Structure formats: C-alpha cells, structure tokens
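Taking it in order: structure first as structure tokens, then the write-up.
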Amino acid sequence: YGMAVAGTSAPASGGEHLISHYLDMTHYAFGESNDLHGCQVGVGTHVAAAIYDRLMAFDMAKLDVDARVLRLLPWPQYEQDLRRRFRTLADSVIPEARDTYPTPERLRERLVGLKARWPELMGELRPCLRSAASIRDDLKAAGCPATFSEINVTSERARRAIVDAKDIRGRYTILHFCWDLGVLHEWADRVLPEAL
C-alpha cells in the first residue's frame, strides 16, 4: 500500500534492499557470489535491525556536529573514493551517490535538527522496530538464511556491502542516516560478528 500511495518502491526498500542490490551488482561486475533476492534481503533485514538496535541506544547528546561536518569530504574527493571502491561500476554509482551526498551546510542542518528532535523521533520510531535477534530467530524458524555466511558472502565483502551500499541508490535509508551521524563504519564492524 505504501508503494502505491508514494508511487515508488522507496517505502518498502530501505538499507536491507541496498545491501541486496550491492551483492547483485558486485556479482555481475566482479564475479562475486550472490543468492536469491529474498535471501539477500532477509540477511539485509537482520543487519538493518542490528543497526537500528544500536541507533536506539545512541546518545545523540554526545554527537559533536562541528567535528562531524569537518570530516565531510568535499564532493570531488568523495567521487574519487567512489571510483576507487566501485571501479567499473563507478559511472553508474556516482550519479546516485551525488543525489544523497550532503553539502556541509545541509549536513549541519540535518544533525542540528536531529539533536533537537531526537527524543521525539525515538519515541515514534521505537514502537515500529523489532530487534535483530527476533528477526534472526524468525528467519531461522522459516528455514531462511539470516547471516552473510549462509549466502556465501565473506566477512570482507559483507562489510563492504554495509558501508558501500548507501552509495548505489539516490534514496535515503538507515545506512545514509548512520553515515550522516559518522557511525556507519564503526557500527558495521560491531554488527558483523552477529551477521556472519
């Protein structure tokens, strides 16, 4: 219903789908393994839920907005980083990444707004979320893969999927949100042990 109202698949396609699409893209471009879309999205859902678990415990008061904005690479440098990471896929990824890459002013505005509304946002979000453990248990009970190893994805590639998938679509997801906060790489490292 959400897709019909919005006229786009965005309401039903978040970070979990970006992880799946990343696995597909790297399969076709570089010969890396992939699995059925639903299996990959199930694993991605487990990962996204684990990231949300961390977000629920995040102390927004400790976020140093100025320091985070200072760490933002200028777009030309970020584009070069995309070319290094995505190689032959870079020309198709760059326009998508550009759509969600913030200016320093926009990032500052987002983060200041988040800090001001954090308790309200968490109050609205918390009842909508399920824990990563409950999603993993349900996937297992249904006989579905819940971890990257179950779909033949190495730990190194799994980490790349979590941190790089945000750049493949011009759609804002939990992966982008965590990147804006400056915690995506750290949380990817923390999520990996339970997602492998």
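Any read-out appearing in this document is the output of simple, stated calculations on the displayed coordinates, not a laboratory observation. These numbers come from a predicted model, not from an experiment. Cβ atoms come from the backbone with ideal geometry, glycine included; neighbour counts cover every protein chain shown.
Confirm whether Ala97 is out of contact with any Leu (no Cβ under 8 Å at 6 or more places or on another chain) and buried (at least 16 other Cβ atoms within 10 Å of the Cβ). Give the steps one after another, and end with the answer.
Details: out of contact with any Leu (no Cβ under 8 Å at 6 or more places or on another chain): no; buried (at least 16 other Cβ atoms within 10 Å of the Cβ): yes.
For Ala97, the condition - out of contact with any Leu (no Cβ under 8 Å at 6 or more places or on another chain) and buried (at least 16 other Cβ atoms within 10 Å of the Cβ) - is not met.
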> Which residues, taken from the range 26-43, are touching a Leu at 6+ places or on another chain (Cβ under 6 Å) and hydrophobic (A, V, I, L, M, F, W, C)?
Replying inline: Ala29
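Which one of Ala50, Ala67 is part of a helix (DSSP H, G or I) and farther than 30 Å from Phe30 by Cβ? Break it down into steps so the answer makes sense when it comes.
Values: Ala50 fails: farther than 30 Å from Phe30 by Cβ.
So the residue among Ala50, Ala67 that is part of a helix (DSSP H, G or I) and farther than 30 Å from Phe30 by Cβ is Ala67.
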> If you take the residues in the range 132-152 that are under 11 Å from Leu196 (Cα atoms) and among the small types (Gly, Ala, Ser), which one is surrounded by the most Cβ atoms within 10 Å (Cβ to Cβ)?
Replying inline: Ala146
> Out of curiosity, is Ala165 buried (at least 19 other Cβ atoms within 10 Å of the Cβ), touching a Ser or Thr at 6+ places or on another chain (Cβ under 9 Å), within 14 Å of Leu18 (Cα to Cα) and not acidic (Asp, Glu)?
Replying inline: yes
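Matching residues to (1) under 30 Å from Cys144 (Cα atoms); (2) among the hydroxyl-bearing types (Ser, Thr, Tyr):
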{"residue": "Thr45", "(1), (2)": "yes, yes"}
{"residue": "Ala50", "(1), (2)": "yes, no"}
{"residue": "Met56", "(1), (2)": "yes, no"}
{"residue": "Asp59", "(1), (2)": "no, no"}
{"residue": "Leu63", "(1), (2)": "no, no"}
{"residue": "Asp66", "(1), (2)": "no, no"}
{"residue": "Glu79", "(1), (2)": "no, no"}
{"residue": "Ile94", "(1), (2)": "no, no"}
{"residue": "Leu114", "(1), (2)": "no, no"}
> Residues in the range 43-50: is at least one buried (at least 16 other Cβ atoms within 10 Å of the Cβ), touching a residue at least 60 places away in the same chain (Cβ under 8 Å) and touching a Pro at 6+ places or on another chain (Cβ under 8 Å)?
Replying inline: yes
>> List pairs: first residue in the range 96-122 and over 11 Å from Ala61 (Cα atoms), second residue outside any helix (DSSP H, G or I) anywhere in the structure, Cβ distance under 6 angstrom, at least six positions apart or on different chains.
In response: Glu96/Ile168; Glu96/Arg169; Glu96/Gly170; Asp99/Gly170; Thr100/Gly170; Thr100/Tyr172; Pro104/Leu72; Leu107/Leu72
